[in-house]
Amino acid sequence: MNPLPQNHPLSARTATLLARTDASLCPKVPWQPALLLGVTEGSYNLRALLHLLNDDLDAAHKLVQVHEDDSTANYIHQLVHRREGDWGNTRYWVGMTGAHPFYAELGRTTARERVDICQRGEPGAAALAWDEMAGLLGWIVREGR
């Protein structure tokens, strides 16, 4: 479900991203390269997560890597490295994220356990990662981050 109001400039693009059913755990290229070209609306966290949902890991990384003082940017940073399959860097950014408030919405699985699930490529790992990103998007919108 799209957390952005219908009148938000990124609402239609967000709906397109969230309707995907083919997301890979570790994508190699952006899904729709032109979808978010030139986007400047919304916070850097919102834009970074939208790029991440579009499999544009480089664009997401550029937005969050300069905001190490922001735990939400650090959270997105760990997700970027997880989707790259860079497990050591992912674990580093899990530590940098600390006790993020969104973790409470994820249930019993810890951030480190989710990294392990994805690293092992367990059945359902891609869906787990996608649901986490979509949920974090909703949290970012609700919290105004």
Residue hits (region 73-93; under 18 Å from TRP130 (Cβ atoms) and touching a Lys or Arg at 6+ places or on another chain (Cβ under 9 Å)) are GLN78, HIS81, ARG82, THR90
Only one of (1) among the hydrophobic types (A, V, I, L, M, F, W, C); (2) open to solvent by 50 Å² or more (accessible area, probe 1.4 Å); (3) touching a residue at least 40 places away in the same chain (Cβ under 8 Å) fails for LEU128. Which number is that?
(3)
State all residues of region 1-16 that are more than 15 Å from the chain's Cα centre (by Cα) and either of a type in the set (Lys, Arg) or part of a loop (DSSP other than H, G, I, E, B) (or both); if no residue qualifies, say none.
MET1, LEU4, PRO5, GLN6, ASN7, HIS8, PRO9, LEU10, ARG13
Scanning region 33-80 for residues that are closer than 21 Å to THR21 by Cα and among the small types (Gly, Ala, Ser), which turns out surrounded by the fewest Cβ atoms within 10 Å (Cβ to Cβ)?
ALA34
Considering region 101-145 alone, what residues qualify as being at pLDDT 95 or above and of a type in the set (Val, Ile, Thr)?
VAL115, ILE117, ILE140, VAL141
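The values are calculated or read from the model by the stated rules, or taken from the named source; none is laboratory data. Since the model is a prediction, treat every value here as computed from it, not as a measurement. Note: ideal-geometry Cβ built from the backbone for every residue, glycine included; neighbour counts use all protein chains shown. When the accessible area is computed, the model is the full protein with side chains, heavy atoms only, and any ligands, DNA or RNA have been set aside. Shrake-Rupley method; radii C 1.70, N 1.55, O 1.52, S 1.80 Å.
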